[in-house]
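The values are calculated or read from the model by the stated rules, or taken from the named source; none is laboratory data. Predicted, not measured: the structure shown is a model, and the values here were computed from it. Note that we place each Cβ from the backbone using ideal geometry, even for glycine, and neighbour counts take in every protein chain shown. To get the accessible areas, we keep the full protein, side chains included, count just its heavy atoms, and leave off ligands, DNA and RNA. Shrake-Rupley method; radii C 1.70, N 1.55, O 1.52, S 1.80 Å.
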Amino acid sequence: MKESGRKHGALSPCAACKLLRRRCAEDCVFAPYFPPDEPHKFASVHKVFGASNVNKMLQELPEHQRRDAVSSMVYEANARVRDPVYGCVGAISSLQQQIHSLQTQLAAAQAEVVHMRMRQFSSSSNTGGAMDMAVDQANMGESLWSC
């Protein structure tokens, strides 16, 4: 197992202990997740959640889930710093609106393609044009909905 924040036997406090100005113990719950070279991670988490709450959350979780929990807390804290009211919910809502808008644009483009193909086939004066149109219409549905 790596020494999580400790360098060559010398005690280098983790980012949490450094910010909180306390001695970093060997069994520090923050050390594996807030290394000394990434102080911004703990600073934003501390600002939003508070060190005591983060400590409680980490101690209540099984060790195999802690890294994911810290990652989520860092993401949410950074989102809260950018948007104090909505946090990451605001980002999710914005992305959902973009998806809806793009789906609408895609549907309009697909309808335009169908319309153009129908016009192209109806203007064809070829004797086999009617047969080609029937075959292409059958394949058109597959190609339009197979995104």
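Does segment 84-99 hold any residues that are surrounded by 14 or more Cβ atoms within 10 Å (Cβ to Cβ) and not in a helix (DSSP H, G or I), and which are they?
86, 87
Within segment 7-64, which residues are in a helix (DSSP H, G or I) and aromatic (Phe, Trp, Tyr)?
42, 49
For residue 110, which of the numbered conditions (1) in contact with a Leu (Cβ under 7 Å, 6 or more places away or on another chain); (2) closer than 18 Å to residue 30 by Cβ; (3) of a type in the set (S, T, N, Q) fails to hold?
(2)
Considering only segment 56-81, state which residues are in contact (Cβ under 8 Å) with a residue 24 or more places away in the chain and open to solvent by 50 Å² or more (accessible area, probe 1.4 Å).
59, 67, 78, 80, 81
When you scan segment 22-55, how many residues do you find that are free of Cβ contacts under 8 Å to residues at least 24 places away in the same chain and in contact with a Pro (Cβ under 9 Å, 6 or more places away or on another chain)?
4
Would segment 105-121 turn up any residue that is at pLDDT below 95 and among the polar types (S, T, N, Q)?
Within segment 105-121, one or more residues are at pLDDT below 95 and among the polar types (S, T, N, Q).
Identify, please: which residue in segment 32-42 is out of contact with any Lys or Arg (no Cβ under 7 Å at 6 or more places or on another chain) and closer than 15 Å to residue 57 by Cα and is, among those, most open to solvent (accessible area, probe 1.4 Å)?
Here the residue is 32.
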